[in-house]
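Report on the following structure.
Readers should treat all values here as calculations from the given coordinates under stated rules, not as data from a laboratory. All values reported here derive from a predicted model rather than from experimental measurement. Ideal geometry is used to build each Cβ from the backbone, glycine not excepted, and the neighbour counts take in all protein chains shown.
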């Protein structure tokens, strides 16, 4: 089953990409460090950019993280235990009820201790902004975020939209052998 969708790539962004023919997830790249609380004063559909990887920010809290590599590239150096919100560089139009989930990349998590804490993050078909990924450095060492690093992956899915019928009593629900057993009630073997 294939669906058509539209993607607008923002300046400095990249199109999501499957790395192999058999991959389900599309890798997404880091466009900018963005603000979790403020929208861009010039574009109300985007969050405010805190660091664009081209100019050193004037905000001292952000600029203290900016490092110039030997090759002259500006990077954002994450502290151990730090979380930062990043924009992934595109806006999507999907047919209803398609959506995508944002998930960590296993290589970043296993090799570098970098994960995504808002995962799975659901991006709905009626959302017309840049998705934000909350990147977390769970290491005891610093980690450099580079422009266009493949920071997360997205998985497109189609949701079931059920009709919901409210019942007035718990006994109105059909019983099952498991009942209310959860949190490992079925064992581990």
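For this structure, a couple of remarks:
- Computed [θ] at 222 nm, deg cm²/dmol, the chain (DSSP H ≥ 4; -39,500 (n - 2.57); rounded to nearest 500): -500 deg cm²/dmol
- Distance from the Cα centroid of region 54-102 to that of region 109-188 is 21 Å (rounded to whole angstrom).
- Full-stretch length increase - residue 106, residue 20 - with 0.36 nm per residue and alpha-carbon distance subtracted: 29.4 nm
- Placing a label point 7 Å from the Cα of residue 83 along the Cα-to-Cβ line, the residues of region 112-135 whose backbone N sits under 20 Å from it are 112-124, 130-135.
- Under the criterion of Cα pairs below 8 Å and six or more residues apart, the relative contact order for region 6-163 equals 30 percent.
- Förster-model FRET efficiency, 30 Å R0, residue 127 and residue 61, C-beta, rounded to 0.05: 0.60
- For a modelled paramagnetic label at residue 138, 7 Å from Cα along Cα-to-Cβ, the residues of region 78-117 in reach, with backbone nitrogen under 13 Å, are 81-82, 104-117.
- The chain - Kirkwood radius from inverse mean 1/r over Cα pairs (Å): 19.0 Å
- Here each label is just a point 7 Å from Cα along the line to Cβ, and for residue 44 and residue 93 those points are 2.0 nm apart.
- On the basis of the beta-carbon distance and an R0 of 41 Å, residue 163 and residue 188 show a calculated FRET efficiency of 0.65.
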